[in-house]
Amino acid sequence: MTTHAEQRNLPYTPLQLFTLVAEVDKYPAFLPWCLASRITERDGDVFYADLVIGYKMLREKFSSRVTALKPDHIHVEYLDGPMQHLSNHWRFLEEEDGSCTIDFYVEFEFKNKLLQSVIETFFNEAVKKMVNAFEKRANELYVPLKIER
């Protein structure tokens, strides 16, 4: 199984970053390789989403169950698609200066072993690129907090 964990401190509130990550239907506007997304059902803190990811000739659709516990935790559980397993979480930890430390973790395994081995070769860089896309989007949407360090 392939995993990636990352923490990053950003000059935004946990609620701002939570909102950004929870708006799955807006991912195609800024997230690399996300070609389409839609929320198919909502039930309180839980919603179901379909994403289409693609790179060159490869396109895959997967469905997930998202538990969004406002304002500090989002957990994604894989339901259907090309993977054997997918689980990831985002935690938004408020710091004393008002900034937010994002704690991100993902683990997955594709059903297709050849695809799994190909993905593993560039996975960490791809995830960093995606986390950077969220940070860039936050910079576009929100005014950074004035933080003295």
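Brief remarks on what is shown
- Thr3 passes every criterion in (1) surrounded by fewer than 18 Cβ atoms within 10 Å (Cβ to Cβ); (2) farther than 30 Å from Val118 by Cα apart from (2).
- Hey, Phe92 touching a Phe, Trp or Tyr at 6+ places or on another chain (Cβ under 7 Å) and either under 27 Å from Lys146 (Cα atoms) or of a type in the set (Phe, Trp, Tyr) (or both) or not: yes
- Considering residues of segment 95-116 that are of a type in the set (Phe, Trp, Tyr) and out of contact with any helix residue (DSSP H, G or I) (no Cβ under 8 Å at 6 or more places or on another chain) only, the residue farthest from Lys146 (Cα to Cα): Phe108
- Taken over segment 91-102, the criterion of being surrounded by fewer than 16 Cβ atoms within 10 Å (Cβ to Cβ), outside any loop (DSSP other than H, G, I, E, B) and charged (D, E, K, R) is satisfied by Glu94 alone.
- Residue satisfying all of: in segment 103-149; in a loop (DSSP other than H, G, I, E, B) and farther than 16 Å from Glu60 by Cα; modelled with the lowest pLDDT among these: Arg149
- Residue ID - surrounded by the fewest Cβ atoms within 10 Å (Cβ to Cβ), chosen from residues in segment 32-90 that are in contact with a Lys or Arg (Cβ under 7 Å, 6 or more places away or on another chain) and of a type in the set (D, E, K, R): Glu77
- Filtered residues of segment 43-80 (kept if within 23 Å of Glu6 (Cβ to Cβ) and either part of a loop (DSSP other than H, G, I, E, B) or small (Gly, Ala, Ser) (or both)): Ala49, Ser64, Ala68, Lys70, Pro71, Asp72
- Segment 11-44: number of residues that are acidic (Asp, Glu) and under 24 Å from Ser99 (Cα atoms): 1
- Inter-residue pairs, beta-carbon under 7 Å, first farther than 17 Å from Leu69 by Cβ and in segment 36-55, second loosely packed, with under 12 Cβ neighbours inside 10 Å and not aliphatic (A, V, I, L, M), 6+ apart: Asp50/Thr40
- Single residue of segment 1-27 satisfying the filter (assigned to a helix (DSSP H, G or I) and hydrophobic (A, V, I, L, M, F, W, C)) that is farthest from Val131 (Cα to Cα): Leu15
The values are calculated or read from the model by the stated rules, or taken from the named source; none is laboratory data. All values derive from a computational prediction rather than experimental measurement. Heads up, the Cβs are rebuilt from the backbone with ideal geometry, glycines too, and the neighbour counts pull from every protein chain shown.
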